[in-house]
Amino acid sequence: MKLLAIHHVAIICSDYQRAKHFYTQILKLPIIHEQYRAERDSYKLDLALPDGSQIELFSFPDPPIRPSYPEAQGLRHLAFSVNDIKQAKHVLEAQGVDVEEIRIDEITGKRFTFFADPDDLPIELYEV
């Protein structure tokens, strides 16, 4: 078996409309498909990334809060590569998103920063 790429990342949100706004209006991810699943009282929103991978955004009634601080076991964060981290930070901050200061990866020498989605899911921007 040879893994080729990440196909999608699934995210469960607490407030579907707020999360949909964040991912489509602030992060500018285009919608592939949106579906309401009545039997689950759940929305599923498929969002496209430029490399062909996707984010699946789910809503469910009363999902438990994800522990982020202190960090818990499991998936740590979602990371996106960008060409210009200063410009990306500026765009996010202009839309009211709190973004950490830009840091340097001590191993690669590349610049990176973090911000959070509406449910405090850590998201990293990594300059390529």
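The values are calculated or read from the model by the stated rules, or taken from the named source; none is laboratory data. Model, not experiment: these values are computed from the prediction. We place every Cβ from the backbone using ideal geometry, glycine too, and count neighbours over all the protein chains shown.
Only one of Asp15, Asp84, Asp62 is free of Cβ contacts under 8 Å to residues at least 24 places away in the same chain and of a type in the set (Asp, Glu); which?
Just a single option satisfies the conditions, and that option is Asp62.
So in segment 37-68, with the set limited to residues that are in contact with a Phe, Trp or Tyr (Cβ under 9 Å, 6 or more places away or on another chain) and polar (S, T, N, Q), which one is farthest from Arg18 (Cα to Cα)?
Residue satisfying both the conditions and the ranking: Ser42.
Which condition breaks for Ala38 when tested against (1) within 20 Å of Val9 (Cα to Cα); (2) in the same structural domain as His7 (by TED's automatic domain parsing)?
Among (1) within 20 Å of Val9 (Cα to Cα); (2) in the same structural domain as His7 (by TED's automatic domain parsing), the lone unmet condition for Ala38 is (1).
Being out of contact with any strand residue (DSSP E or B) (no Cβ under 6 Å at 6 or more places or on another chain) and either at pLDDT 95 or above or not assigned by TED's automatic domain parsing to the domain that holds Ile31 (or both) narrows it down to one of Glu71, Glu93, Glu124, so name that one.
Just a single option satisfies the conditions, and that option is Glu71.
Scan (1) outside the structural domain of Asp117 (by TED's automatic domain parsing); (2) under 20 Å from Phe115 (Cα atoms); (3) not hydroxyl-bearing (Ser, Thr, Tyr) for the single condition Ile32 breaks and write down its number.
(2)
Quick one: which strands (runs of 3 or more DSSP E) sit completely within segment 22-128 and have at least 3 residues that are more than 15 Å from the chain's Cα centre (by Cα) and not hydroxyl-bearing (Ser, Thr, Tyr)?
Fully inside segment 22-128 and qualifying: 31-37.
Would it be correct to say that Ser59 is polar (S, T, N, Q) and surrounded by 15 or more Cβ atoms within 10 Å (Cβ to Cβ)?
The answer is yes for Ser59.
Which residue is farthest from Ile11 (Cα to Cα), if the candidates are limited to segment 104-121 and must be surrounded by fewer than 12 Cβ atoms within 10 Å (Cβ to Cβ) and of a type in the set (D, E, K, R)?
Top of the filtered list is Glu106.
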